[in-house]
Amino acid sequence: MRRNLFILLILLMLAACSPESQSGGINPMQNFNAMWDYQKPDQTEQLFLSVLKTVKNSAETSYDRNYHVELLTQIARAQGMQGKFELAEQTLNSADSLITENTKTGKIRFLLEKGRLLNSSDKREDAGSIFLQAYNYGTAQKLDFYTLDSIHMLAIVESPEKQLAWNLKAINIAANSDDMRCKSSLGTLYSKVGWRYHDLADYAKAMEYFQDGLEYRQNSNDAKATRIAKWTVGRCYRSLKEYAKAKEIMLALEKEIDENELPKDGYVYEELAELYQLEKDSKAKKYFGLAYQIQSQDSWIVKNEAEKLARMKKIAE
């Protein structure tokens with residue numbers, strides 16, 4: 001659940017936080033951030049290259065240097081995601097040559113993509129240094145949205161002991177930012193911090209952040225994200241050995257999914273199975289079977305959690 005949960009949460013955050021337009025953009029139709037398809041970087045690169053042609057052919061009066069720099073950084077990102085590292089580096093060098101003291105968002109995005117490229121090239125320590133530069137620059141220039149991005153990347157490249165501190169900084173920035181794009185990331189950040197405390201077996205602290213995340217999701221009118229947040233609270237109740245509360249939440253989720261004819265959730269079934277197993281209830285067999293039926297269709301789980309699937313299947317038989 002953790003892997004799938006974080007992928008979904010990150011996608012939700014990216015969708016919610018995508019800037020509506022670039023600083024001083026050429027025109028609304030050229031909002032290249034809205035063109036991003038992270039699942040298809042090759043197609044995204046071609047779209048961005050077509051936009052780049054309009055930038056290069058624009059009149060002097062309509063030319064926006066900062067926009068140009070930002071666009072180049074995202075072309076480099078799309079190239080890097082395809083493993084075209086040398087070409088991505090060349091594109092970033094082109095962006096770097098255009099940076100001035102007035103291209104603030106262009107500069108921080110250049111640093112972010114330079115760091116991502118280094119990280120993708122297995123130069124983790126060098127990447128961390130660049131991400132730290134981005135964080136310091138973003139903090140000084142009050143570029144909250146991109147400062148959060150730098151923290152997200154620092155939490156990836158840093159040691160597990162430092163990840164929690166960075167994510168707590170991110171929550172503080174998002175909660176106090178005037179930029180609504182930043183505030184919209186709070187739900188994801190609460191969950192990330194909650195899981196970090198959960199990994200440290202500090203379940204009481206984890207529950208605080210899971211509850212904060214649930215409250216945020218409920219106020220944001222996002223039914224799917226709210227169900228995920230409810231699941232995390234229920235899962236943490238199991239870790240706290242408050243089994244009745246955990247079961248109440250999971251049964252409510254099962255009912256909500258059934259009544260609204262939503263896709264069956266293998267993780268809800270898994271939790272119910274674990275809870276019934278603790279009660280030595282025969283229903284555990286049924287729910288492990290349902291959980292296995294759904295989760296065994298997930299190629300990542302098949303590859304990385306084979307032992308869990310084997311246990312589910314054995315109990316269900």
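Values in this text are rule-based calculations from the coordinates and carry no lab data. Computed from a prediction, not measured in an experiment: that's the story for all the values here. Neighbour counts run over all protein chains shown; Cβ positions are idealised from the backbone, glycine included.
For the reader, a short list of remarks on this structure follows.
- Total formal charge among the other residues, if their Cβ is under 15 angstrom from that of Ala204, Lys/Arg +1 and Asp/Glu -1: +1
- Treating r as the C-beta distance of Lys303 and Ser94 and R0 as 51 Å, the FRET efficiency rounds to 0.85.
- Aspartates and glutamates with Cα under 12 Å of Lys107, excluding same-chain neighbours fewer than 8 positions away: Glu70, Asp96
- The local environment of Thr105, defined by Cβ-Cβ distances under 13 Å, has a net charge of -1 under the rule Lys, Arg +1 and Asp, Glu -1.
- Net charge in the neighbourhood of Lys224 (other residues with Cβ under 12 Å of its Cβ; Lys, Arg +1, Asp, Glu -1) is 0.
- Estimated purely from DSSP H runs of n ≥ 4, each contributing -39500 (n - 2.57), the mean residue ellipticity at 222 nm for the chain is -24500 deg cm²/dmol once divided by its residues.
- Expressed per residue, the C-alpha convex hull volume of the stretch 21-179 stands at 117 Å³.
- The region of the chain that goes longest without hitting one of the trypsin sites (Lys or Arg not before Pro) in a DSSP loop, each with at most 11 other Cβ atoms within 10 Å, is 1-141.
- The chain, relative contact order [Cα under 8 Å, separation at least 6], %: 9
- Modelled spin-label separation between Ile156 and Glu125, with each label point placed 7 Å from Cα along the Cα-to-Cβ direction: 2.1 nm.
- Restricting the stretch 28-95 to GluC sites (Glu not before Pro) in coil, as DSSP defines it, with at most 10 other Cβ within 10 Å: Glu60
- Pairs beyond 19 Å (Cα-Cα), from Lys280/Lys313; Lys169/Lys245; Lys264/Lys285; Lys230/Lys303: Lys169/Lys245; Lys230/Lys303
- Counting neighbouring Cβ atoms within 10 Å and putting the fewest first, the residues Val302, Val268 line up as Val302, Val268.
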